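The values are calculated or read from the model by the stated rules, or taken from the named source; none is laboratory data. If you're wondering where the values come from, they're calculated on a predicted model, not measured in any experiment. Cβ placement follows ideal geometry from the backbone for every residue including glycine, while neighbour counts extend to all protein chains displayed. Please note that ligands, DNA and RNA were not included when accessible areas were found on the heavy atoms of the full protein model with its side chains. Shrake-Rupley method; radii C 1.70, N 1.55, O 1.52, S 1.80 Å.
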Amino acid sequence: QVQLAESGGGLVQAGGSLRLSCSASGRISSFDSMGWYRQAPGKQRELVAVMSRLGITNYADSVKGRFTISRDNGKNTVYLQMNSLKPEDTAVYYCNAKVVGLPRWGQGTQVTVSA
């Protein structure tokens with residue numbers, strides 16, 4: 001059973017940066033993909049960024065040019081570098097992994113961006 005644990009959330013002013021980390025209990029190099037989703041109050045969970053096993057990345061239009069997803073296979077960890085943060089980026093951020101086609105989720109980490 002793959003387990004994911006996020007860290008790195010917090011409170012930051014608009015224009016600031018945060019780096020989220022997601023540590024996995026399995027070998028992420030064997031996962032179909034890993035990514036980040038977020039859910040703001042009263043809104044549906046949405047894709048932020050995803051990286052396939054081959055390293056192909058995809059980003060939500062709202063974060064392109066500001067967020068970067070990366071991974072360290074040796075540490076079984078995926079990162080989300082978030083720059084130029086905006087108040088509308090405020091949400092709970094969830095790590096996601098697709099393992100043999102099945103999704104796995106972390107518990108989430110809160111990111112709050114103040115104006």
- [ ] Please arrange Ser52, Ser25 by accessible surface area, largest first, computed with a 1.4 Å probe and ligands excluded.
- [x] Ser25, Ser52
Open item on the list: If amide hydrogens are placed 1.01 Å from N in the peptide plane, which non-local residues have theirs closer than 5 Å to the one on Gly16?
Closed with: Leu85
Task: ³J(HN,Hα), Karplus 6.51/-1.76/1.60, whole Hz, each residue of the range 100-115, x for Gly, Pro - done: 6, x, 9, x, 10, 10, x, 7, x, 9, 7, 10, 10, 10, 8, 6
Task: Net charge over other residues, Cβ less than 15 angstrom from the Cβ of Gly9 (K, R count +1; D, E count -1) - done: 0
Open item on the list: Could you give each residue of the range 61-71 its phi-based ³J(HN,Hα) in whole Hz, using Karplus coefficients 6.51, -1.76, 1.60 with θ = phi - 60°, and x for Gly or Pro?
Closed with: 4, 5, 10, 4, x, 10, 10, 9, 9, 8, 8
Task: Under 5 Å, built H, 5+ apart or other chain: amide partners of Phe67 - done: Asn83
TODO: Enumerate the residues in the range 10-38 having an amide nitrogen under 15 Å from the point lying 7 Å beyond the Cα of Asp72 toward its Cβ.
DONE: 19-25, 28-29
Task: Separation of the Gln81 and Thr112 label points, Cα + 7 Å toward Cβ, nm - done: 2.7 nm
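Taking the Cβ of Phe67 as the center, what net charge do the other residues with Cβ under 12 Å away carry, scoring Lys and Arg +1 and Asp and Glu -1?
+3
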Task: Whichever lysines have a C-alpha closer than 17 Å to that of Lys64, once near sequence neighbours (fewer than 8 apart) are set aside - done: Lys86
Open item on the list: Taking 0.36 nm per residue of sequence separation and subtracting the Cα-Cα distance, how much length would be gained by fully extending the chain between Ser17 and Gln39, in nm to one decimal?
Closed with: 6.0 nm
